[in-house]
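Here is the structure we will look at, set down as structure tokens.
Read the figures in this text as sums done on the coordinates, not as results from a lab. Not measured: the values here are computed from a predicted model. Cβ sites come from the backbone with ideal geometry, for glycine too, and all protein chains shown count toward neighbours.
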Amino acid sequence: MSNNRTVILNGQKVHLTDSDYLAQGGQGVIYVKGNAVFKIYHDVNQLIPEDKIDELQVLSGINNVIIPSKSIYDPKTQKRIGFVMRFVSDTEFLCKLFVGSFKKNNNITPQMIVNMVKAMQETLIDIHKKGVIVGDYNEMNFLTDKSFRTPYYIDTDSYQTPSYKCNAIMESVRDRTLPMGDFNENSDWFSFAVVSFQLYTGIHPYKGKHPTIKTNDFGTRMDNNISVFHKDVSVPKFVNMSGIPKAHLYWYKEVFEHGDRSIPPFSDGVINYSVIKNIFTDPNASIIATLMYDLGDKVLDTHWRSGAHHILTRNAFYYGANKKLDFTIDIDRGTLIVTTTGEFVIVVEHGGILYLFDEEKNLLKSFDGVDYQSYMVANECLYIMQDSGLVQYSFEKIGKLKVIANPISTLNRNSAKIYDGVVIQEMYGELKALVPYEYNKCSTVDLKEITTNHVYDAKLVGRWLFVLVNDGGKIHLHKYYFDTTFTNYEHKVDNDVNFRNINATITTNGMVVMNTEDDKVELFFDFKRGTKVIDQSPINNQLKLVEGKNVGFIDDGKIYSMRMQ
């Protein structure tokens, strides 16, 4: 079904087609054409007033604040139906930076987080100088550029201007010292404290375990200043607060524990970031971790084959502990593919170019302008999102290894995003999964159980699809278990979970091993046989689970194997 639209902007007709579609939310439909975003409201009675657009123009000089610029009109009724604003390409949800494994995979250093927090702080100061209050300063209202240096302030039509109040806020960032619906500069700084604390530590300041208060009971904790610094609250042992600059650490304690509301100090310097060592020593753990390899270099990927691990690090390719191939560059990201004839293909991303090498480091093919947001590996193939759709690159040995391209599915590049083994696409409120489940086979599945387009992460593991979403400020994990043709499925949802990436693998006998919370692992085959939960495991979200003779995990340059005690 086509939803092509024609609108009037600056007295001129603009035709918006399905190929321009970007997303649909509760308020309206969003298209992108050229360098402009067109937001068309479902209900024009909810449309931001023209006067408020005028008042928001005081922010036009702040380059990383994306504001409505001009109204757009219906050509038939000549009435306002939305507005246009500047489009910023190649962005990511800022909250992805809450996750330690995402930081590791994208080489995001502690100093980069300090710089990001400083940039957000400087921007908020500039906004306040213009007489505007953000109000709903929550993590969903920010993006970052793909270099993870620039924070973009979005959804600014809800900002509080001199004539128009902000009327909604996510509970997890609401300042409890003010009546509901009241906002000022101090409440913005409280919300900033919550979001920036999560950038540093990966944990909400009012989470952690308390003997009597539930983990997600923000209201009670925030009303009573019971934060992660409280004497009765324990945080997961993998939460590292040494990444917080001293000036901000002191300020956080005053804000979260003592109700202080003030502008934070700046923290500019490189921080003294210490790494926790020897974390797998709990004698009461249900799972014991055994070190298999210590390669002294960051492990990017590992593949278990013929009784041994094949390992790709930032500088080399290994067979077990034996180095087979050196790279003269530091690989930004990389992964391994085993072809149908048993050879390894090494996928290397470096300097914005994707390279395919064989085991002798012969270049098979390169792709310019392909980054982690547009490719994945599955079914012994490489899949890349291109303008023509999802293209499968397989490998055949005809004398020497050849790369074969085969388009397997159409998609809308604007509204599709690639994850681990799956592409998620949203079109006019309907979420679909494009699942290349076998060589030359791709199934399109309607994810009708998911009612939001705010997808944080997704992963295909065997016949399991896991999708992590934000719905109204709460995080839910949807689990789909497919039949062998990926047409029918069973579904279950874990509601109100902690924000994290999806960390799971599957054993040769079909058992899924999933890290759900720090120290906790779930084991399951299907929905019927239920789930076994193991506490006090050595796993946390930063340690990627991998397949082997036994399931193991990667910890920087080390690979561990796990067994039940």
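Taking H as built 1.01 Å from N, whose amide H comes closer than 5 Å to the amide H of ARG305, not counting residues under 5 places away?
Result for ARG305 returns HIS310.
Just tell me which lysines come within less than 18 Å, Cα to Cα, of LYS165; anything on the same chain fewer than 8 places away is out.
Within the straight-line limit of under 18 Å, LYS165 reaches these lysines: LYS52, LYS129, LYS130.
Give me PHE229, PHE553, PHE102, PHE527 sorted ascending by neighbouring Cβ count inside 10 Å, so fewest comes first. Spell out each step's value before the answer.
Numbers: PHE229 18, PHE553 25, PHE102 21, PHE527 12.
With the fewest neighbours first, PHE229, PHE553, PHE102, PHE527 line up as PHE527, PHE229, PHE102, PHE553.
Sort HIS210, HIS204 so the one with the fewest other Cβ atoms within 10 Å of its own Cβ comes first. All intermediate terms of the calculation are to be shown ahead of the outcome.
Numbers: HIS210 17, HIS204 23.
Listed from fewest to most nearby Cβ atoms, that is HIS210, HIS204.
Output wanted: per-residue J couplings in Hz (rounded whole) for segment 461-472, from phi through Karplus 6.51 cos²θ - 1.76 cosθ + 1.60, θ = phi - 60°, x for Gly and Pro.
10, x, 9, 9, 10, 10, 10, 9, 10, 9, 10, x
When Lys and Arg each count +1 and Asp and Glu each count -1, what net charge do the other residues less than 12 Å away from THR109, Cβ to Cβ, add up to? If you can, show how the numbers build up before the last one.
Working: positive: LYS103, LYS104, ARG149; negative: none.
Cβ neighbours under 12 Å give a net charge of +3.
Excluding GLU349 itself, calculate the net charge of residues whose Cβ lies under 13 Å from the Cβ of GLU349, where each Lys or Arg counts +1 and each Asp or Glu counts -1. Present the calculation step by step, with values, prior to reporting the outcome.
Details: positive: LYS146, ARG314, ARG333; negative: ASP301, ASP330, ASP332, ASP368, ASP371.
Combined, the nearby Lys, Arg, Asp and Glu give -2.
Going by amide H atoms built from the backbone, whose H comes under 5 Å of the H on ILE244, apart from near neighbours?
Those lying under 5 Å, H to H, from ILE244: there are none.
For ILE263, ILE337, which order do you get if you count the other beta carbons within 10 Å of each Cβ and list the fewest first? Don't skip to the end; give the middle numbers.
On the way: ILE263 15, ILE337 21.
Listed from fewest to most nearby Cβ atoms, that is ILE263, ILE337.
If packing is taken as the average number of other Cβ atoms within 10 Å across a peptide's residues, how do 59-65, 177-183 rank, most packed first?
Values: 59-65: 15.9, 177-183: 12.7.
So the order, starting with the most tightly packed, is 59-65, 177-183.
From the list (1) 24.1; (2) 27.0; (3) 25.4, can you say which value of mean projected area of the Cα convex hull in nm² was derived from the structure given?
So the structure-derived entry is (2).
Would you please give the residues with an amide H less than 5 Å from that of GLU359, counting only those at least 5 places away or on a separate chain, with H modeled from the backbone geometry?
Distant-sequence amide H within range of GLU359: PHE344.
If you plug each phi of segment 385-398 into the Karplus form 6.51 cos²θ - 1.76 cosθ + 1.60 with θ = phi - 60°, what whole-Hz ³J(HN,Hα) values come out, in order, with x for Gly and Pro?
Running phi through 6.51 cos²θ - 1.76 cosθ + 1.60 with θ = phi - 60° gives 7, 10, 4, 7, x, 8, 10, 9, 10, 9, 10, 10, 9, 10 Hz.
In whole Hz, what ³J(HN,Hα) sequence does segment 244-261 give by Karplus (6.51, -1.76, 1.60; θ = phi - 60°), x for Gly and Pro?
Each residue of segment 244-261 in turn: 8, x, 4, 4, 6, 4, 4, 5, 4, 4, 5, 6, 7, 9, 10, x, 5, 10 Hz.
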